[in-house]
Amino acid sequence: MYTEKARLLHDVVLWAMAGGMLTWAVNSWIAGRITPGDVVVVSALTFRILHGSRDMALALVDMVQQFGAIEDTLGVIGRRQDVRDRPGAPALPHASGGLRFERVRFGYGRGGRAVLHDVDVDIPPGQTVGIVGPSGAGKSTFVALLQRLHDIDAGAILIDGTPIADVSQESLRANLAVVPQEVTLFHRSVRDNIRFGRPDASDAEVLAAAKAAQCDGFVRGLSIGYDTVVGERGLKLSGGQRNGIARALLKKVPILILDEATSALDTQSEIAVHREILRAMAGRTVIAVAHRLSTLASFDRVLVMIDGRIVEDGTPADLRRRGGAFAQMWHLQAEGLWHDNDEAAGGLSAPERVHGGASRSGGSVNGRGTPIHSDIGRDASA
């Protein structure tokens, strides 16, 4: 907005100056002080100066904008690294995917409030683990520490028995594939964005990863398919999360981290993507932070975090039977689904739908009168 105002003010001032010069030239010609040729010369010079000045002003405005971009870039490049490799740190060999947190404590900043408190968990290779909990429970911090984006205050994090603080960060992250909630896409083709996970991958491998991430049909619907160029940060592509998942699957690493990576998808698509991820990552470790608990029903294990502590640990079915924090969150999400279908269910209350209405109809119904046999509803009533 400031730039547009500056351009408008500049144009007004230049046109006022040009109008003043032309008025002076015409009046001087009428008074006989200059010839018609002088008027033509003054007019030509006035418009040449007008256009040249405007071009120079626009170039100066663009230059100032570039100074701002350069300042932001230098702020990132010149930022002091808080996490550094130890001198002579060895590379982490290709891992099998075993993870262990040993009484890990962590807080942001010196003397800051602790975010994780004595977290102690062992994840064997090839296990699929979901992490759930309320906002601010420490879920994203858990996966950030696994990537060593911060150094822990106490305890140890180990991959296959090797502390991650003792190996180089480059080799550590070569064994990880991470899909964050906001995926970064580059101003390149969809194919190149997926191949960024493994630049030497063939077109067939790129296609297989895209199919596993449930984005093949979406990409083929674009103007020129996989050769479609997406905008900066993916502004021209609405399926950015699936593209990021395909990129991670293509990397073929022993550990995959999903930090609410499918939160922008609808429930049906999210479940389908998780199913394909588990199939593609068979035998490899998957850590998934999720809010929709139904998407974790097929996972081997779920960790429930509250206030930086793991308060429950077990299979989804076991945690539902225990009646603890996970079961309460499951019930709350089931209540939300029932509330959305309250009118279609004949006005029954949630408990009535669980024990009466659902048992009579075999499930609730949607707005079209079609039965919905929801696993959430059946599990919540168990």
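Worth pointing out:
- Filter pass, G109 being under 25 Å from the mean Cα position of the chain (by Cα) and either of a type outside the set (S, T, N, Q) or in a helix (DSSP H, G or I) (or both): yes
- Among the residues making up segment 29-77, those that are polar (S, T, N, Q) and either over 13 Å from L14 (Cα atoms) or touching a Phe, Trp or Tyr at 6+ places or on another chain (Cβ under 7 Å) (or both) are T35, S43, Q65, Q66, T73.
- One residue alone among G75, G109 is closer than 23 Å to L145 by Cβ and loosely packed, with under 10 Cβ neighbours inside 10 Å, and that residue is G109.
- Selection of segment 287-324 for residues being modelled with pLDDT of 85 or more, of a type in the set (G, A, S), closer than 20 Å to T128 by Cβ and crowded, with 18+ Cβ neighbours inside 10 Å yields only A288.
- Subset of segment 277-307 [out of contact with any helix residue (DSSP H, G or I) (no Cβ under 8 Å at 6 or more places or on another chain) and small (G, A, S)]: A282, G283
- Check on G78, at pLDDT below 80, within 27 Å of the chain's Cα centre (by Cα) and within 30 Å of K5 (Cα to Cα): no
- Any pair with Cβ under 7 angstrom, 6 or more apart, that starts in segment 134-152 at a residue that is assigned by TED's automatic domain parsing to the domain that holds T162 and ends at one that is among the aliphatic types (A, V, I, L, M) and assigned to a helix (DSSP H, G or I): R148/I164; R148/L172; H150/A144; D151/A165; I152/L145
- Sole residue being modelled with pLDDT of 90 or more, surrounded by 15 or more Cβ atoms within 10 Å (Cβ to Cβ) and over 25 Å from G308 (Cβ atoms), chosen from D192, D216, D160: D160
- Wholly enclosed helices (runs of 4 or more DSSP H) of segment 141-228 bearing at least 2 residues small (G, A, S) and either farther than 30 Å from D118 by Cβ or in contact with a helix residue (DSSP H, G or I) (Cβ under 6 Å, 6 or more places away or on another chain) (or both): 203-212
- A91 satisfies every condition listed in (1) surrounded by 11 or more Cβ atoms within 10 Å (Cβ to Cβ); (2) modelled with pLDDT under 85; (3) part of a loop (DSSP other than H, G, I, E, B) except (2).
- Neighbours by Cβ (under 9 Å, 6+ apart or cross-chain): first from segment 42-70, in contact (Cβ under 8 Å) with a residue 40 or more places away in the chain and in the same structural domain as T23 (by TED's automatic domain parsing); second in a helix (DSSP H, G or I) and small (G, A, S): A57/A6; V61/A6
The values are calculated or read from the model by the stated rules, or taken from the named source; none is laboratory data. As the structure is a prediction and not an experimental result, all values here were calculated from the model. Glycine gets a Cβ as well: all are built from the backbone with ideal geometry, and neighbour counts include every protein chain shown.
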